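Worksheet: the structure to be examined is printed underneath.
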Amino acid sequence: MKYLFTFFALLFFIQTGFAQYTDVINSKRPGFSDSPYSVGTKVYQVEGGLFYKNLGNLLYWEFPETGDPIEHRYSSKSFGTDVILRTGLFFERLEFNLDMALQNENREVYAPVEKSETGFGFSKLTIGAKYLVYKPTYTNKSKEIHSWKARHSFDKRRLIPAVGVYAGLNTNLLNDLHKNPDGISARFAIYTQNDLSNRWIILMNFIMDNTFTDTSENSFIGTTTYSLTEKWSVFGEGQVFFRKSTPNDIQFGAGGAYLINNNMQADLSFRMILDERGDNTYLIGGGLSWRLDGHKDKIIKAKTNNDEVRPENEDRSFFDKITFGLFAGSAKASSNSKMRTVKTSKAKTRTLTPPVNKKAKKAREKQNKRLIKEQNKRDKAMIKHNKKLEKARD
């Protein structure tokens, strides 16, 4: 388990970057795959639904330390509810989640002995964290006005996926039918997402589950999602399992989702399993996703006259917020006796002149020219008169 704790420790020291929050809810349902993106800080999201599962013929082996493998075979019918709780903490890129399923199951066991079993309780209870490692950027071609071809051509950078990592802990607080004989186990995953267009998305998940136990299994999930309209979307999904103690099988799923509003989504899906045993397994489910959106974009810190501009209780770390809440009263009291020194600067002044009226200006210039011209005429007449007087005296 030291590897799991080391992974969580590294997450807290990785430098964060792009925001993950979207204006519209981003739900994992109705598929089994997950996106590398988190829901965003101060967002609390619940994804839940009901399901019915018919398991036709499951086969697995138990490997005792001595002797031959023991074959186990059974069929079952079950119904229940699955719920995922998600929230973003500390960083925009980091999400914590709790994945659980409450299930009522009736089994008909055929080997090693024939019997009937029933069980009610948690069939899954996993806590984990997801972190976005890389987020690609795409060119906004809607602003391209010079070339129709350039505006509608495919951006090859969309082939580079966003990448996220996940680490979780499978608790063993489960009903007897689903308990792991080896106890608590680890779950690791790598999530990728390609936004091939604004409507078409491809998800790929590489998962290691029940790691370091005899029931460990690896799986690959590929999901494609297409938005028909702003409200309706459909998906198709395939999942391949590689198990140590159970024959491998392939699952196929399909379904759709309807966006009720920016914070709520409804979904419906169908899934079947295809393998060499012909076990006739299928699963039908439907549910809702809802979020409480308290997200606020971070305010960029600006410096003016060496003073940092920062809103109260904004852009603080988790531990700063706890300290702020505990000592807010004493801080306010001390602020009355000790005020922060604020630097002042002398503002520059300038003379404001009224706006110039071009018509009035031209009229004044024309009048001044006319006055100057009349004055010149009077001066010439006076000079001419003085010359006549001088001649008369002579």
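The values are calculated or read from the model by the stated rules, or taken from the named source; none is laboratory data. Just so we're clear, the structure is a prediction, and the values are computed from it rather than from any experiment. FYI the Cβ positions are ideal-geometry reconstructions off the backbone, even for glycines, and counts take in every protein chain you see.
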For this session: Take the residues in the stretch 351-364 that are charged (D, E, K, R) and exposed (fewer than 10 other Cβ atoms within 10 Å of the Cβ), then tell me which one is modelled with the highest pLDDT.
Result: 359
Seminar exercise, completed: Across the stretch 237-262, the tally of residues that are in a strand (DSSP E or B) and either touching a residue at least 12 places away in the same chain (Cβ under 8 Å) or buried (at least 16 other Cβ atoms within 10 Å of the Cβ) (or both) stands at 17
Problem set entry | Subset of the stretch 261-305 (residues that are at pLDDT below 65 and not hydrophobic (A, V, I, L, M, F, W, C)) | 276, 277, 278, 297, 298, 301, 303, 304, 305
Exercise. Are any residues in the stretch 210-225 closer than 18 Å to residue 271 by Cβ and touching a residue at least 24 places away in the same chain (Cβ under 8 Å), and if so, which ones?
Worked result: 217, 221, 222, 223, 224, 225
Problem set entry | Failed item, numbered, when residue 229 is tested on (1) out of contact with any strand residue (DSSP E or B) (no Cβ under 8 Å at 6 or more places or on another chain); (2) surrounded by 13 or more Cβ atoms within 10 Å (Cβ to Cβ); (3) modelled with pLDDT of 65 or more | (2)
Exercise. Of the numbered conditions (1) modelled with pLDDT of 90 or more; (2) closer than 24 Å to residue 258 by Cβ, residue 78 satisfies every one except a single condition; which is it?
Worked result: (2)
Problem set entry | All positions within the stretch 172-201 that are more than 30 Å from residue 137 (Cβ to Cβ) and crowded, with 17+ Cβ neighbours inside 10 Å | 174, 177, 185, 186, 187
For this session: Would you please list the contacts, defined by Cβ atoms under 6 Å and residues six or more apart or on different chains, that run from a residue in the stretch 48-76 that is closer than 22 Å to residue 32 by Cβ to a residue that is of a type in the set (S, T, N, Q) and exposed (fewer than 12 other Cβ atoms within 10 Å of the Cβ)?
Result: none
For this session: Return the total of residues in the stretch 185-204 being among the β-branched types (Val, Ile, Thr) and touching a residue at least 60 places away in the same chain (Cβ under 8 Å).
Result: 1
Exercise. In the stretch 166-178, how many are in contact (Cβ under 8 Å) with a residue 60 or more places away in the chain and among the hydrophobic types (A, V, I, L, M, F, W, C)?
Worked result: 3
Problem set entry | Given (1) outside any strand (DSSP E or B); (2) more than 30 Å from the chain's Cα centre (by Cα), number of the condition residue 110 does not satisfy | (1)
Exercise. Can you tell me which residue in the stretch 193-214 is nearest to residue 169 (Cα to Cα), limited to those that are in a strand (DSSP E or B) and β-branched (Val, Ile, Thr)?
Worked result: 211
